[in-house]
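Remarks on the structure that follows.
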Amino acid sequence: MDRTRFEGFAFLAAFIACVPAANWLIGNVGTVCVPQGPCVIPVAPFGITAPSGVLVIGLALVLRDLVQRRLGKLWVLGAILAGAALSGFVAPPALVAASVAAFLLSELADFAVYTPLQRRGLIRAVIISSLVGLAVDSVVFLYLAFGSLDYLAGQVIGKAWMVLLSIPAIRLLRDRDERLGIQAA
């Protein structure tokens with residue numbers, strides 16, 4: 001197996017692993033665990049918090065883009081469907097519909113934005129598509145899960161942190177691809 005396909009399958013495995021990780025975090029890890037609600041973490045000053053799964057979901061949006069870059073559109077569409085199905089199996093019962101809908105809609109939104117932008121620049125495509133995806137994920141999940149957008153600012157900020165933290169690695173990947181003449185799938 002060549003290097004780019006190997007990387008693609010590694011990105012795919014990490015992307016799929018984000019689903020159970022986010023669902024586990026939201027119910028088990030946080031500075032505060034709200035009764036009948038999520039465990040939350042601070043994501044910005046002035047008491048802005050978010051359910052702890054936001055960190056992994058921000059990463060999932062970036063990994064989705066990398067799966068598409070290495071393996072192509074069909075692989076990533078299959079991964080989105082698999083991730084949505086897995087989300088339905090691992091989410092706490094009260095969060096199944098919210099988790100599945102948010103994952104499916106946000107990843108498809110990311111796909112719709114990333115696909116036309118990727119040829120204009122990988123970093124730009126990753127940032128813009130991830131921002132769209134994280135906004136969709138945040139609104140859909142919070143509304144369906146809790147009937148409230150109380151944690152919207154924290155959700156957006158927490159996911160955006162993960163996108164921003166991934167940019168140096170994306171840049172290294174892009175630079176290496178250019179140096180080796182590797183084209184996106």
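Quick notes on this one:
- Pick from segment 1-26, criterion in a helix (DSSP H, G or I) and of a type in the set (D, E, K, R), ranking: nearest to ILE170 (Cα to Cα): GLU7
- Check on PHE89, out of contact with any strand residue (DSSP E or B) (no Cβ under 9 Å at 6 or more places or on another chain) and in a helix (DSSP H, G or I): yes
- Residues of segment 143-184 satisfying the condition of being surrounded by 17 or more Cβ atoms within 10 Å (Cβ to Cβ), small (Gly, Ala, Ser) and modelled with pLDDT under 90: ALA145
- Just so you know, in segment 29-51 the residues that are among the polar types (S, T, N, Q) and modelled with pLDDT of 90 or more include one that is surrounded by the most Cβ atoms within 10 Å (Cβ to Cβ), and it is THR49.
- Residue in segment 110-132 that is closer than 13 Å to LEU63 by Cα, assigned to a helix (DSSP H, G or I) and aromatic (Phe, Trp, Tyr) present: yes
- Criterion (on the phi < 0 side of the Ramachandran plot, out of contact with any His (no Cβ under 7 Å at 6 or more places or on another chain) and modelled with pLDDT under 90) met by exactly one of VAL76, VAL90: VAL90
- Any chance GLY83 is crowded, with 19+ Cβ neighbours inside 10 Å, small (Gly, Ala, Ser), out of contact with any Gly (no Cβ under 9 Å at 6 or more places or on another chain) and more than 17 Å from LYS159 (Cα to Cα): yes
- Look at (1) out of contact with any strand residue (DSSP E or B) (no Cβ under 8 Å at 6 or more places or on another chain); (2) in contact (Cβ under 8 Å) with a residue 12 or more places away in the chain; (3) not in a helix (DSSP H, G or I) and you find that PHE46 fails only one, number (2).
- For segment 1-28, the set of residues classified as surrounded by fewer than 16 Cβ atoms within 10 Å (Cβ to Cβ) and touching a Gly at 6+ places or on another chain (Cβ under 7 Å) is empty.
The values are calculated or read from the model by the stated rules, or taken from the named source; none is laboratory data. Given the structure is predicted, the values throughout are model-derived calculations rather than measurements. Cβ coordinates were reconstructed from backbone atoms using ideal geometry, including for glycine residues, and neighbour counts include every protein chain displayed.
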